[in-house]
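Read-outs throughout are calculated quantities, based only on the coordinates presented, and are distinct from any laboratory measurement. Note that this is a predicted model, so its numbers are computed, not measured. Cβ placement follows ideal geometry from the backbone for every residue including glycine, while neighbour counts extend to all protein chains displayed.
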Amino acid sequence: MLRKLTVTAVLTCAAACLPAAAQTPVEVTLTRLDCGTQVVNDVGVRFTDTYSHQGLKLPFTFSCYLIKHGDDYMLWDTGHSMSAGAPAPKVSIIDQLAQLKLKPEQIKFIGISHFHADHTGQLPTFPGATVMIGKGDWDGITATPPMPGANAAAFAHWRTGGGKLEALSGDKDVFGDGTVMILRTPGHTPGHFSALVRLKEAGNFLMLGDLAHFHENYESNGVPGFNFHRGDTVASLERIKKIAANLKATVIIQHDPRDINKLPAFPAAAK
């Protein structure tokens, strides 16, 4: 009887105790959401500290992303608020989710690349989600007064303990199977992060937040003069480029409209 029980226990554990990567993989998809209206920036004025790109004017877009992992949903960034003026989205994230037959309460996680308003504007509309943000940025949000540039108002629900929040000091494997990683890439802000999503058919994708704002700065390791830390920015760019090469990942610069077509047009998803 003891031997029979032992064998049964071993067989049970063989199924239940396998590491996540060895279990049947869940479906993971990635959908781009439009989270702001394009504006044109003179990038030679604000987005370089070496006087590069003189006279170059580029349109900036505002992209957020919906990640489906099995039955769970995650947002990467939440774009501008609907009251942001000229760059405000024409359609809210909630309305875009409705087109996908999803309700706000179905969003389990929200990953925030950094604390600026054009990446956190619609965060308050998801009070039930667990927010994941870099500790350096969270410290800036909760400081008295908040760090300049931090959209502290968007985090009021989480600052007062009304919602769950995880302040990240290092990389985060969101679902425990390596398919969705939040990667530490400080420099633009003290707690800036990027996201890696690994899809079965379409391959690997890296969403950079504001690690780079446009192709020319990404390619040259250019640093905006308003970044928090120049050295950290360059080191983070070097890290991301090595990850992209090693994983053959598609790099998506969230503000560059030239990268919109790297994913299927909404409402379709990459799989």
In whole percent, the Cα-Cα distances of the chain spread across 5 Å bins from 0 upward as 1, 6, 12, 17, 19, 17, 12, 7, 3, 2, 2, 1, 1, 0, 0, 0, 0
Once amide hydrogens are built 1.01 Å from N within the peptide plane, the residues lying 5 or more places from residue 33 or on another chain with amide H under 5 Å from its amide H are 64, 65, 66
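How much length is gained if the chain between residue 235 and residue 90 is pulled fully straight, taking 0.36 nm per residue apart and subtracting their Cα-Cα distance, in nm to one decimal? Working shown, then result.
Values: separation 145, 0.36 × 145 = 52.20 nm, distance 3.58 nm.
Stretched fully, the residue 235-residue 90 segment lengthens by 48.6 nm.
At 222 nm, what helix-only mean residue ellipticity would the chain give, in deg cm²/dmol to the nearest 500, using -39500 (n - 2.57) for each DSSP H run of four or more?
My calculation for the chain gives -6500 deg cm²/dmol from helical runs alone.
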Whose amide H sits under 5 Å from the amide H of residue 204, counting only residues 5 or more places off or on another chain, with H placed in the peptide plane? 199, 250
Antiparallel DSSP beta bridges within the stretch 26-262, as percent of all bridges there, nearest 5: 65
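Which longest run of the chain has no exposed loop site in it, a site being chymotrypsin sites (Phe, Trp or Tyr not before Pro) in a DSSP loop with at most 14 other beta carbons within 10 Å, and the site itself not part of the run?
Details: sites that count: 51, 226.
Between the exposed loop sites, the longest stretch runs 52-225.
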Of 68/108; 57/241; 108/164; 108/200; 68/172; 200/262, which pairs sit farther than 20 Å apart, going by alpha carbon to alpha carbon? 57/241; 108/200
Dipole magnitude of the chain about its Cα centre (Cβ charges: Lys, Arg +1; Asp, Glu -1), debye to nearest 20: 700
For the chain, find the longest principal axis of its Cα atoms and tell me its angle to the long axis of helix 230-247, 0 to 90°, nearest 10. 50
Helix 2-16 axis, angle to the chain major axis (alpha carbon atoms, nearest 10°): 20
Cross-link partners among aspartates and glutamates for residue 271, C-alpha distance below 17 Å, same-chain residues fewer than 8 apart left out? 27, 71, 72, 177, 201
Is the stretch 163-269 rounded, prolate or oblate when judged by the Cα gyration tensor, a ≥ b ≥ c being the square roots of its eigenvalues, rounded requiring a/c under 1.5 and prolate requiring a/b larger than b/c? oblate
